[in-house]
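Where a number appears in this text, it was derived from the coordinates with a stated rule and is not lab data. In this text, all values refer to a predicted model and were calculated from it rather than measured experimentally. A quick note on method: Cβ atoms are made from the backbone with ideal geometry, for glycine too, and the neighbour counts reach across all protein chains shown.
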Amino acid sequence: MALLAALLLPGFPGRAADPAPPVASNLLPDPVVATHDPTIITNAALPALAFPVGEELQYYILWSGMLVGRTTIITAWAQEDNRPVIKIAIWTRSNKTISKLYPVNDMIVALIDPATFRPIRFSVNLKEGKFHRRENTVFDYEKKTATWTSEVKKKTRTFPIEADTRDLVTFMYFLRSTGFKLGEERNTRVMADD
């Protein structure tokens with residue numbers, strides 16, 4: 001996510017060369033179906049969340065004052081294995097001009113259990129110039145393990161996790177739902193990379 005290190009400004013006016021924002025329904029491969037419709041959760045009450053599911057945030061990325069790309073963050077209800085999940089997808093893409101020099105097309109997706117707000121699966125697909133990274137992490141809280149797989153490195157590793165272990169995206173949204181008091185300290189576990 002090299003371009004995220006650049007200045008992020010929400011609401012900066014777009015230009016014709018900007019990439020079009022993604023549509024929530026095409027941010028995940030099958031079999032996950034995404035929707036902004038909360039009725040996807042049948043026979044269950046909607047959990048209280050600190051953010052609206054269906055939220056879309058746009059960040060325009062500047063480098064030396066020049067617009068070079070965009071990051072779009074979308075939340076949606078989805079289903080995986082016939083159970084409701086929250087999907088948070090982050091898509092970063094360089095614009096047409098910068099892509100000729102250094103193309104960036106990054107997709108990060110977290111699937112989250114709405115009852116516990118812990119991740120089920122975390123996927124990273126980064127394409128930054130010649131650098132490529134395609135990884136999936138599956139969290140199993142019953143076994144207290146997370147299994148990380150890299151398609152590029154052809155590696156799989158299993159890590160021990162605790163009840164509060166989250167991926168980076170889930171952790172950021174989890175912070176939105178918790179209040180902090182002045183001087184309060186908290187410890188939590190975040191699984192970021194192999």
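Results, tabulated for the structure shown:
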read-out: Neighbour net charge for Thr158 - beta-carbon separation under 10 angstrom, K R +1, D E -1; value: +1
read-out: Segment 105-171: GluC sites (Glu not before Pro) in DSSP coil with no more than 14 other Cβ atoms inside 10 Å; value: Glu142, Glu151, Glu162
read-out: Zero-based 5 Å bins, Cα pair distances in segment 44-126, whole percents; value: 3, 13, 21, 20, 14, 11, 8, 6, 3, 1
read-out: Within segment 86-170, trypsin sites (Lys or Arg not before Pro) in DSSP loop having at most 13 other beta-carbon neighbours inside 10 Å; value: Lys130, Lys143, Lys144, Lys153, Lys154
read-out: Cα gyration tensor shape of segment 91-194, rounded if a/c is under 1.5, else prolate or oblate by comparing a/b with b/c; value: oblate
read-out: Residues in segment 92-128 reached by a label modelled at Asn136 [backbone nitrogen below 17 Å; 7 Å Cα→Cβ]; value: 107-113, 119-126
